[in-house]
Amino acid sequence: MPTELEAVAAEAAGCTRCRLHQSRTQVVFGQGDPHADLMFVGEAPGFHEDRQGIPFVGPSGQLLNRLLEGIGLRRQDVYICNVVKSRPPQNRDPQPDEIAACRPWLDAQIRLVDPKVVVTLGNFAAKTLLETTTGITRLRGQTYPFQGRVLLPTYHPAAALHAQGRRTAGPSPLEAMEGDFRVLAELLAAQAPVEQDRPTEQLGLF
C-alpha cells in the first residue's frame, strides 16, 4: 500500500492546476528520504529534470551533491524538491499564479517529510517560504524560524555556477554557499539527539 507521500506524488503527476502542464514532459515531484531531517527546496525543474522526472540532476545537481559530500551527507540522506513541480518554458521565472497553484503540493511535502531543517535554494524558494519580497543576497547568511523548524536560505547552485570566474567585491556565490553549508552542518549537529548522560546545550539559532 502506498504511503501518503507516494499517494500525493501520484495525484500531483496528473496536475493541471496551472498553464505549465501544457508544455512539461512530466511533473518533477521530489526525491530522497521520505523521513529526512533535511529538505532542500529549489525553484522549478529545468531541462534535465523535466526529461528525467528527478529534481537537480543537471550541473546544478552535481554541485549540490558535491556540497552535500563536503559536510558528510549523500543525496539519498536528504529530500529534494522545488516550489514549482513543472518546468516553465525556456526556464523562465515561475509566475505568481503558478507558484500559488503548486503551493499545496509543497505544503504536503513539508508536512509529510517533516524535516527539522529546510534549506531554500535561490530567490523564489526563499521568498515563497518566508513570505517576503527581500532578495536572497540579503536573506542568506542567517537562519529563520519556519513552522517549528529552522530555515536556512542560500543561493541556487545555478547562480553559483553562472558566477564562476567573475570578480566580486566579497565572497563569490559558490564561496557563500560553501559557508552556508558549514552553517548547515552545525544546525544538523545541534538538531541531533543528545545522549541522556550529557547536558542539553542550547544553540542560539535566531
Practice item. Please tell me if Ala36 is within 15 Å of Pro115 (Cα to Cα), touching a Phe, Trp or Tyr at 6+ places or on another chain (Cβ under 9 Å) and part of a loop (DSSP other than H, G, I, E, B). Key: yes
Review point. Quick check, is Asp97 farther than 18 Å from Pro34 by Cα and at pLDDT below 95?
Key: no
Review point. Which ones in segment 95-135 are touching a strand residue (DSSP E or B) at 6+ places or on another chain (Cβ under 7 Å), closer than 17 Å to Ala159 by Cβ and of a type in the set (S, T, N, Q)?
Key: Thr120
Exercise for review: Could you list, in sequence order, all residues of segment 96-127 that are without any contact (Cβ under 8 Å) to a residue 60 or more places away in the chain and either among the hydrophobic types (A, V, I, L, M, F, W, C) or in contact with a Ser or Thr (Cβ under 9 Å, 6 or more places away or on another chain) (or both)?
Suggested key: Ile99, Ala100, Arg103, Ala126, Lys127
Check your understanding: Being of a type in the set (A, V, I, L, M) and closer than 11 Å to Lys85 by Cβ, is that true of even one residue in segment 45-55?
Key -> no
Point to revise | Within segment 107-128, tally of residues that are out of contact with any Lys or Arg (no Cβ under 7 Å at 6 or more places or on another chain), at negative phi and surrounded by fewer than 21 Cβ atoms within 10 Å (Cβ to Cβ) | key: 7
Check your understanding: Among the residues of segment 136-151, is there at least one that is surrounded by 15 or more Cβ atoms within 10 Å (Cβ to Cβ), β-branched (Val, Ile, Thr) and assigned to a strand (DSSP E or B)?
Key -> yes
Review point. Does segment 76-84 include one or more residues that are over 20 Å from Leu161 (Cα atoms), touching a strand residue (DSSP E or B) at 6+ places or on another chain (Cβ under 7 Å), polar (S, T, N, Q) and not in a loop (DSSP other than H, G, I, E, B)?
Key: yes
Exercise for review: Just give me the residues in segment 57-77 being touching a Phe, Trp or Tyr at 6+ places or on another chain (Cβ under 6 Å) and either within 25 Å of Val27 (Cα to Cα) or buried (at least 24 other Cβ atoms within 10 Å of the Cβ) (or both), in sequence order.
Suggested key: Leu64
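The values are calculated or read from the model by the stated rules, or taken from the named source; none is laboratory data. What you are looking at is a predicted structure, and each value in this text was computed from that prediction instead of being measured. In this analysis, Cβ positions are derived from the backbone assuming ideal geometry, glycine residues included, and neighbour counts consider all displayed protein chains.
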